[in-house]
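Peer 1: Sharing a structure here in structure tokens format.
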Amino acid sequence: MEHTLTTGPSAAPHDLARMRREYEAAAAHRPAVREEPLVEEHLAADWPTQFGRWFAEAVAADLPEPNAMIVATADAQGRPSSRTVLLKGYDERGFVFFTNYASRKGREALANPYASLLFPWFAMGRQVVVCGRIAPVDRHVSEEYFRLRPRGAQLGAWASAQSSVLPDRQALDDAYAAAEQSFPAEADVPLPEHWGGLRVEPETVEFWQGRRSRLHDRLRFRSEPDGGADRWIVERLAP
């Protein structure tokens, strides 16, 4: 049975085929963004600088959790999965987030070391799409970040066997209480062996800006393996 979504006060609430908006309407939600198309002349010389510009504008526009990104991974058989996590750092080497290595995404990252990231800045009519290899960060990077986490989040990393099946909520609450007993308030909470950072090392970084009539701007930085210092080229993609 098919379900469709209808917009408008006189339509049934299930007419998906008619649910749409022009992306130029997003301008009202992005006061920090200059109203110009995304053209090559305005693009930064490298993707980290361009990402930094757009991220700063997302923060200035007061988007909820602008560092939220969708991470897609796949298992050894190529079966994909995705979830939302928070970006915790980026530089020319790539984008870093932290997780339980025994979680579904952690296991998949180790079994099939490729991933994609999507920053869904819909209120600004923008997306950033990243594709590349994924690998654990150095242990000291994870330790430095773990020390910055609130104590409750540190204890949660010990309490939750992420992605495993629980019999009920009480089992999780009991595990958290046990972690509190193991690490009293006066003691530091150490970094678990099973927890740490993953870095997505980009092969492509696409900057997508919505335009009228679905003629969106898509500019992609693509890595050329033998390009040396100038290994990145910029390509315009059809929408």
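The values are calculated or read from the model by the stated rules, or taken from the named source; none is laboratory data. Remember, it's a predicted structure, so these values are computed and weren't measured experimentally. Counting neighbours? That spans all protein chains shown, and the Cβs are built from the backbone with ideal geometry, glycine included. These area figures cover heavy atoms from the full protein model, side chains too; ligands, DNA and RNA do not enter into them. Shrake-Rupley method; radii C 1.70, N 1.55, O 1.52, S 1.80 Å.
Peer 1: Does Ser164 qualify as being polar (S, T, N, Q), over 13 Å from Phe98 (Cα atoms) and in contact with a Leu (Cβ under 7 Å, 6 or more places away or on another chain)?
Peer 2: So Ser164 fails the test.
Peer 1: Could you figure out which of (1) modelled with pLDDT of 95 or more; (2) open to solvent by 30 Å² or more (accessible area, probe 1.4 Å) isn't true of Trp195?
Peer 2: Among (1) modelled with pLDDT of 95 or more; (2) open to solvent by 30 Å² or more (accessible area, probe 1.4 Å), the lone unmet condition for Trp195 is (2).
Peer 1: If we scan segment 120-136, do we find a residue that is without any contact (Cβ under 8 Å) to a residue 60 or more places away in the chain and either touching a Leu at 6+ places or on another chain (Cβ under 6 Å) or open to solvent by less than 50 Å² (accessible area, probe 1.4 Å) (or both)?
Peer 2: Yes; the residues of segment 120-136 include at least one that is without any contact (Cβ under 8 Å) to a residue 60 or more places away in the chain and either touching a Leu at 6+ places or on another chain (Cβ under 6 Å) or open to solvent by less than 50 Å² (accessible area, probe 1.4 Å) (or both).
Peer 1: Any residue at all in segment 90-100 that is touching a Phe, Trp or Tyr at 6+ places or on another chain (Cβ under 9 Å), open to solvent by 70 Å² or more (accessible area, probe 1.4 Å) and modelled with pLDDT of 95 or more?
Peer 2: There is at least one residue in segment 90-100 that is touching a Phe, Trp or Tyr at 6+ places or on another chain (Cβ under 9 Å), open to solvent by 70 Å² or more (accessible area, probe 1.4 Å) and modelled with pLDDT of 95 or more.
Peer 1: Also: If Ile233 meets every condition in (1) farther than 30 Å from Pro37 by Cβ; (2) of a type outside the set (Phe, Trp, Tyr); (3) out of contact with any helix residue (DSSP H, G or I) (no Cβ under 6 Å at 6 or more places or on another chain) apart from one, which number is that one?
Peer 2: It is condition (1) that Ile233 fails.
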